[in-house]
Each structure stands twice: as structure tokens, then as C-alpha cells.
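Here is the structure we will look at, set down as C-alpha cells.
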Amino acid sequence: MCFTPTFAATGAGERMSAKAVLLRGVNVGGTGKLPMAGFRSMLEELGLQRVQTYIQSGNAVLDTDLAPGVLGPMIRDALAARFDISPHVFVLTAAEIASALAEHPFADADPARIHVFFLQTTPTPDEDALRALALPGDAWHVGPRRFTLHTPGGIGRSKLAERLDQLLPGPMTARNLRTVAALDRLLADLSHP
């Protein structure tokens, strides 16, 4: 199956800039199978520049002059056409990734125990509902279009993490802080060739 991108005039013409692409629910628990080499090739065939993927969970960095609002749907349509999957696609600027990495109160915590949930809108969660599900030591921070969760006991044991999709607005995708830091380094490399 072949997909030919249609570049809308809206969003084109921006200065080339580094962006991160995060896919929700690929290569997790046997669903949403997506080979990263195929994903990278597809992004390059869409005319995106300097594409790199990172680990198997649907992360890429690239250069483009397309706005996130144009790029996200274009990538989702291409994934549906080529791989028969339609994950939610989150496109973030280098500044948004850097902000997610730096702007939270958990600097001294293990980065593997901190997860950033990226959203389409900035959440205004019900604090009482969050506290009712939190384990001792669990803590969170709300930022622009993200919710950062620290789970000292591990995310797999967290009832709060398990129920976030019911407590926060719309689709979301999570990455631990180690992955966010790696994406930040890759984006910095793209920004300074």
C-alpha cells in the first residue's frame, strides 16, 4: 500500500525546525506492531528530513517546516495506509520536550520512576480524585499539555497511573523521563548540526 502526502498550505512555510513525534500504543503488549525501520522510511518518504527513531515504542525526531497540527494527521494517515494502524500522534517541538524534561519538582528522583503523559490540551485534573488513587509517595505536576507523575513504587503498581486515562482529558501517551531526556538530546543534535 502506498501513501502520497498532501501538503496543505496551512502550516507549510515555517522555518525548518526539529520536532519529536510520539505515537500512542505501538509495540505494546503485542498490539500496534510497527517496525521502527519501516516507520523511519515512511517518515522520510513523506519528505521529512534527518529522521531518527528511538527505541521501539514509536518515538522519532525529525526536521520539518510543517506545523504540528499539519504533521500529526499526515503521519497518522500514512501509518493507516502503510501499516494499517491509526495511533494517536503527538508532535512536540524541541522546546516542549526540553520543558517537559526540566519543569517538574522531581529533580532528585529516579528518572525511570517519573513519567510524562503528553496530552492534546493542558489538564485540570480533579485533585481529590488523584489523591484518592495515589499510593504513599506518588506525586504529580501539571504543565502545558502534559501531566508528570512520580511513582516511587513503580508505574506498574500505581492505581493512579492505571486510571489516568479516565481522569485526564482526551488521548495521551506517556514516556519515562529517561526517554524524554534521550529525545531532548536527539533534538538538540538536530538543532545544532
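The values are calculated or read from the model by the stated rules, or taken from the named source; none is laboratory data. Every value quoted in this text rests on a predicted model; they were computed, and no experiment measured them. No Cβ is skipped: glycine too gets one built from the backbone with ideal geometry, and neighbour counts run over all protein chains shown. In case anyone asks, the SASA skips ligands and DNA or RNA and just uses the protein heavy atoms, side chains included. Shrake-Rupley method; radii C 1.70, N 1.55, O 1.52, S 1.80 Å.
Some notes on this structure:
- Remark: the Cα gyration tensor places the range 148-187 in the oblate category, a/c being 1.5 or greater and a/b not exceeding b/c.
- Label assignment, Rg/Rh (Cα atoms, Kirkwood Rh) derived from the structure, set (1) 0.97; (2) 1.38; (3) 1.01: (1)
- Accessible surface of Leu187 - all protein chains present, 1.4 Å probe, nearest 10 Å²: 0 Å²
- Label-point gap, in nm, between Ser191 and Leu167 - each point 7 angstrom along Cα→Cβ: 3.1 nm
- Kirkwood hydrodynamic radius of the range 123-162, Cα pairs, Å: 10.4 Å
- The range 62-193: relative contact order as a whole-number percent, Cα under 8 Å and 6+ apart: 29 percent
- The angle separating the long axis of helix 36-45 from the principal Cα axis of greatest extent in the chain is about 50 degrees.
- Taken as Cα centroids, the range 50-91 and the range 155-193 sit 16 Å apart, rounded to the nearest whole angstrom.
- Helical contribution to [θ] at 222 nm, DSSP H n ≥ 4, -39,500 (n - 2.57), averaged over the chain, rounded to 500: -10500 deg cm²/dmol
- In this structure Met172 has an accessible area near 10 Å², from a 1.4 Å probe over the protein heavy atoms.
- Residue of Ala37, Ala78, Ala100 that the Gaussian network model of the chain assigns the largest fluctuation, springs spanning Cα pairs under 10 Å: Ala37
- Taking label points 7 Å from Cα along the Cα-to-Cβ direction, Thr31 and His141 give a separation of 3.1 nm.
- The simple spin-label model puts a point 7 Å past each Cα toward its Cβ; for Ala107 and Ile55 those points are separated by 2.4 nm.
- The range 51-111, relative contact order [Cα under 8 Å, separation at least 6], %: 20 percent
- Extension gain, Thr122 back to Arg76 (0.36 nm per residue minus Cα-Cα distance, nm): 14.4 nm
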